[in-house]
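Please read the structure below before turning to the comments.
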Amino acid sequence: MKPATKETLALTGNEAAAYAMKQINPDVVAAYPITPATEIVQIFSKYVADGEVDTEFVPVESEHSAMSVCIGASAAGARVMTATASQGLALMHEMLYIAASLRLPILMVVGNRALSAPINIHCDHSDTMGSRDSGWIQIYCENTNEVYHTLIAAIRIAETANLPCMVTMDGFIVTHGMENVRVLEDAEVQEFVGKRKPLYSLLDTDNPITIGPLVLYDYYFEYKRSQLEGVLKAKKIIPLVIDEYNKRFGENIPSFVEEYYTEDAEIVIVAMSSAAGTFKEAIDIEREKGEKIGLLRLKVFRPFPYEILREKMKNAQVIGVMDRAETFSTMGGPLSIELKAALYPLEKRILLQDFIFGLGGREFTLENALEVVDILKKIKKDKKVSEEFIYIGIKE
């Protein structure tokens, strides 16, 4: 196989997402604008108007309608994409479950943004964390280049697993931040994504089916059990598709997790999205001091790769978990709660400290990252965790 042809472009996260969508050339895109993801479909609509794609673009009156259109088009056999954020994703909530339950491989880009109230247009993960149990695959990207490549791989993941997938990036930090992106040729992308082969189609009149019937206690349980099988298979499909993508195009995008100095780490920090880059810089500083600290960046939150996390962290002495969302459970953020459950079967009890940070776009600086490291070093020294969770960067 000849090496992939690549051109480096300076793109924002939104521009990179729209460019990947153009190269995928979906059959249908239905969307309603919302900050900070508006630009994705705005740019894509220009591709449609200029005849650069064959897509049927449907501008709807709400995000609920956008997902409804996506469901109908996908059930008819089309390749379907959309984009949203925050309150828009929340308005889709009812339809997210339907898309997943019908096993429709809709691909959605999300610019992570805080949920109201009060109104806030900046980044945290409360929007997608609120949808974490809807049955969608959830992939969290660190930077613009990863957004571009992950989207192209994700359409294959979704259509192979027959599950909807959301690819997320931090609002404004990545959506509006410009970076170098190594883009592929259109033909190379088309060859990789291929044609969608739907499990069924509403337009197949020779094989009529029923969509969305009433199912009561006689079979609903079994229906949900079979849906889980699809999610379990997705755990096998994700690394296979990512590995194929990396080999074909010479990339190194991670599948479930990215490791940074974890081999000998006594302290392991678990983070997602753009904050991981800040921690890499902090870890470089600490490593120069001789501190054995590493980072495990979680890229796929759903399906939750507990087996990988359990194996990667079983030798750590202290774990610091970074949550950019609050559950209001009084037990900390969603990532820490799931990680505690994942680590529970281990014979060795590892000290785990949860940190909640960056809500509503609060800046997470290198100084904040080093503060986290200092707290974790003290926990390692004292051999105890004093607080269930700690807020980082808050104005007391």
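Only residues that are closer than 16 Å to Ala100 by Cα and out of contact with any helix residue (DSSP H, G or I) (no Cβ under 9 Å at 6 or more places or on another chain) were counted in region 211-236, giving 9. Can you name the residue in region 145-179 that is of a type in the set (S, T, N, Q) and surrounded by fewer than 24 Cβ atoms within 10 Å (Cβ to Cβ) and, of all such residues, is nearest to Ser329 (Cα to Cα)? Of everything passing the filter in region 145-179, Asn162 is nearest to Ser329 (Cα to Cα).
A search for C-beta distances below 8 Å between a residue of region 343-355 that is over 16 Å from Ala271 (Cα atoms) and any residue that is modelled with pLDDT of 95 or more and polar (S, T, N, Q), counting only pairs 6+ apart in sequence or on different chains, returns Ile350/Gln317; Leu351/Gln317.
Any idea which residue in region 181-207 is farthest from Lys247 (Cα to Cα), counting only those that are among the hydrophobic types (A, V, I, L, M, F, W, C) and surrounded by 14 or more Cβ atoms within 10 Å (Cβ to Cβ)? Break it down into steps so the answer makes sense when it comes.
Pass one, region 181-207, residues among the hydrophobic types (A, V, I, L, M, F, W, C): 181, 183-184, 187, 189, 192-193, 199, 202-203.
Pick out the ones that are also surrounded by 14 or more Cβ atoms within 10 Å (Cβ to Cβ) and you get 181, 183-184, 189, 192-193, 202.
Numbers: Val181: 18, Val183: 15, Leu184: 14, Val189: 14, Phe192: 12, Val193: 15, Leu202: 36 Å.
Result: Leu202.
Which of the residues belonging to region 80-91 are outside any strand (DSSP E or B) and either buried (at least 24 other Cβ atoms within 10 Å of the Cβ) or not assigned by TED's automatic domain parsing to the domain that holds Lys197 (or both)? Of everything in region 80-91, those that are outside any strand (DSSP E or B) and either buried (at least 24 other Cβ atoms within 10 Å of the Cβ) or not assigned by TED's automatic domain parsing to the domain that holds Lys197 (or both) turn out to be Ala85, Ser86, Gly88, Leu89.
The residue that is farthest from Arg132 (Cα to Cα), among those in region 275-330 that are touching a Pro at 6+ places or on another chain (Cβ under 8 Å) and in a strand (DSSP E or B), is Arg297. Report yes if some residue within region 366-386 is surrounded by fewer than 16 Cβ atoms within 10 Å (Cβ to Cβ) and at pLDDT below 95; otherwise report no. So far as region 366-386 goes, yes, one or more of its residues are surrounded by fewer than 16 Cβ atoms within 10 Å (Cβ to Cβ) and at pLDDT below 95. Candidates are the residues of region 92-121 that are part of a helix (DSSP H, G or I) and not aromatic (Phe, Trp, Tyr); the one that is surrounded by the most Cβ atoms within 10 Å (Cβ to Cβ) is Ala99.
The values are calculated or read from the model by the stated rules, or taken from the named source; none is laboratory data. Here the structure is a predicted model, which means the values were calculated and not measured. Note: ideal-geometry Cβ built from the backbone for every residue, glycine included; neighbour counts use all protein chains shown.
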